[in-house]
Amino acid sequence: MEYNVSFFEGPYTEAKVLTVHAADPDDPTIFGHAEVEYKIFAPKGFYIVETTGDIKFLGTLDRETNQTYKFIVQAKDMPKHSNTGFTSTATVIINLKDINDNKAKFTQSTYTFNVSESTAPGVNIGALLITDKDEPQNTNPQFNPTNLAGVFEIVEDEDLKNGKIILRKELDYETRSSYSFQIEVTETIVFPDKDDGVGFSKATVFINILDEDEPPVFSLKEYHFAIMENVDKGNIGKVNAIDPDTAKNQIRYSIKEDSVDSLGIDSNKGIISIRKLLDRETKAWHNFTIKATEINKDGTQGKESFASVHLKILDENDNPPELNGTTHLVVCEDSQPETVVATLSVTDKDEMTLDTRFTFHLKEENSNFTLVSNLDNTANIIAKYGGFRVNEDDILTLIISDNGNPPKSSTTTLTIHVCPCIDGDRMCEVASAQMGVSVQALLAILFCLLTILIITLLFLLRRKLKKEPLGSLGKGVGEIHEQLVSYDEEGGGEMDTNGYDVSVLSSAWQTGIRPRPESQTGPCLYATVQKPAIKQNMAIMIEVKKDEADHDKDGIPYDTLHIYGYEGQDSLAGSLSSINSSSCDSDLDYDFINEWGPRFKTLAELYGVDEHDDASMY
């Protein structure tokens, strides 16, 4: 049997650890048979009550010295008879539980760290290692540094319980190359006087700052300058940057933006100068960036840094005031005296402040109108008398002046047009001069008209191309095709055209219906013949028709009269038709044309056999 218990470490005068129990199944009424006695075979400090089995300890249990105790307990019946009776044993295992009874201490008396001056604040630059025999949950060190100068901070590592050195300010090797401070670690424990002599409660920390190649440092992050406008040369101000490293390399200056062409900078001295005329009305502020570049000892370029420059152009009274609005005014013909014709306001390209004042006056007195200032940089044109003649104009010469130094003035001609009122609402028809269209509007209208014209031309050209004939001689789709397969009567020359109705054959071709299905056997009954659209020369037409007949892939046309203009009794060439060479009694039966439908009724009547004719033969 095994007993396994946990017990806190520490000093004890008499502490019960556990109780063991052994049962004897013998008859308890027989003397000594069921009585049990306990013995222990354990390290010093442990003992057992022989009659109860209680295991106790007297002394100090130290987990850091011995974490586990294991020993044997014996139970024996008939205790008063040492040589008789039975025994049994059990194993007892005691595991000591930790308490905070050991102080945390540094593992060494001095700590040294090296840190680059470019290290950013907030970075952990090193750890102060501690030792504590207690388990982590019972390790609670407190760090008490001195003379940190606000540059460092010591915080506890929650996992390892060590001290972490956190950087809180930027480092500068050129300003200070090293730091040192004292630090003490303390801890509240259960037994304050306990000290095993291991470790150090105090330590000295040395931190060395490592030099880094740093970029140039400007004396200011932003530079502000101001200069009067209308200046085309001279110096504005100076920027200054230095190499913070011990090398103290030379600095070269330049303007970062390529668009800044009115200003320049001395590359060695950093003096900003004017290259072109500065006009406040064109650009009131010039904002740009100055770049400072280190030049190493070997002539190569090193680190760079930048600073912003803001140049304000101060105003000079170099622009006259201008009338704001139209110079063409209107007045009703029935206006009453003291009628305000218009209120004049002013604009000025120069800087307008609360102290800016404008004055108005007429160059010459006018018999119909007068000018009255409103004392707020505006003025009213007022009719002196009532009643005006329609379409009469008054010309006023207006002079506007400012109070700048030196003062500026402008002269404007005002035209007042008299027109009839509309519906008594004191609304006048605007003179044609006021109805003008702006240049931008005219350009927009012209552009729209040009676009419409181009689209129309393209549309017409497309339609023309669609109607373009495919043939080289300008043959159209609507040409008339005349076809003759056979006829019973042959006329004389041009007169034979009256012996049959050619339009029937032409209409059949134009409707796109072939008079014979493609599956029908036998020779082609019709050969398509196209006439030139314009019959200017009969000889050319004959050659064209001949060429068409020679290149007809459907075979030799049967008795097709291509050209019959020269045929007949009066023709010297004689008959071109082979109709007379055929038998009068045709072997061909054209009654099948009646099966083609009503469209070919006329053709069937021409080529079919008339029942009356057949009857007369008999």
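The values are calculated or read from the model by the stated rules, or taken from the named source; none is laboratory data. Everything quoted here is computed from the prediction, not taken from an experiment. All Cβ positions, even for glycine, are placed from backbone atoms using ideal geometry, and neighbour counts span all protein chains on display. Note: accessible area is taken over every heavy atom of the protein model, side chains too, but ligands, DNA and RNA are not part of it. Shrake-Rupley method; radii C 1.70, N 1.55, O 1.52, S 1.80 Å.
Values computed for the structure shown
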read-out	value
Listed pairs Lys56/Lys97; Lys276/Lys312; Lys105/Lys164; Lys169/Lys297; Lys169/Lys221; Lys248/Lys303 exceeding 21 Å between Cα atoms	Lys169/Lys297
For segment 197-290, alpha-carbon Rg and Dmax in angstrom	22.4, 84
Distance in nm between pseudo-label sites at Thr68 and Asp261 (7 Å out along the Cβ direction from Cα)	8.9 nm
Extended-chain gain in nm, criterion 0.36 nm per residue less alpha-carbon gap, Glu212 and Thr52	49.8 nm
Counted charge near Thr19, where neighbours are those whose Cβ lies closer than 12 Å (Asp, Glu -1; Lys, Arg +1)	+1
Gain in span if fully extended, Leu354 to Leu375, counting 0.36 nm per residue against the direct Cα distance	6.2 nm
Calculated FRET efficiency for the pair Arg275/Asp318, C-beta based, R₀ 25 Å, to 0.05	0.80
Principal axis dimensions, segment 214-369 - Cα atoms, whole angstrom, descending	90, 26, 23
Those residues of segment 1-32 whose amide nitrogen sits under 15 Å from the label point placed on Thr91, 7 Å along Cα→Cβ	1-5
Debye log10 I(q)/I(0) for segment 155-207, one point scatterer per Cα, at q = 0.15, 0.19, 0.28, 0.31 Å⁻¹	-0.64, -0.88, -1.27, -1.31
Extension reserve of the Thr119-Lys466 stretch, reckoned as 0.36 nm per residue once the Cα distance is removed	116.9 nm
Farthest toward positive dipole pole in segment 1-148 [+1 Lys/Arg, -1 Asp/Glu at C-beta], among Gly53, Phe7, Thr119	Thr119
Accessible surface, 1.4 Å probe, highest first, among residues Asp232, Asp258	Asp258, Asp232
Pairwise FRET efficiency - Thr602 versus Ala539, Cβ, R0 = 41 Å, nearest 0.05	0.75
Inter-site label distance for Thr289 and Leu362 at 7 Å from Cα along Cβ, in nm	6.0 nm
Cα centre as origin, Lys/Arg/Asp/Glu Cβ charges: segment 1-79 dipole, Debye	380 debye
Unit charges on C-beta of K, R, D, E only; dipole of segment 74-161, Debye	680 debye
Net dipole in debye of segment 215-342 [+1 Lys, Arg Cβ; -1 Asp, Glu Cβ; about Cα centre; nearest 20]	1220 debye
Under 5 Å, built H, 5+ apart or other chain: amide partners of Leu160	none
Cα Rg over Rh - segment 106-252, Kirkwood	1.25
Projected-area average for segment 97-137 over all orientations - Cα convex hull basis, square nanometres	4.2 nm²
Spin-label model distance (nm) - His21 vs Ser178, 7 Å beyond Cα toward Cβ	7.2 nm
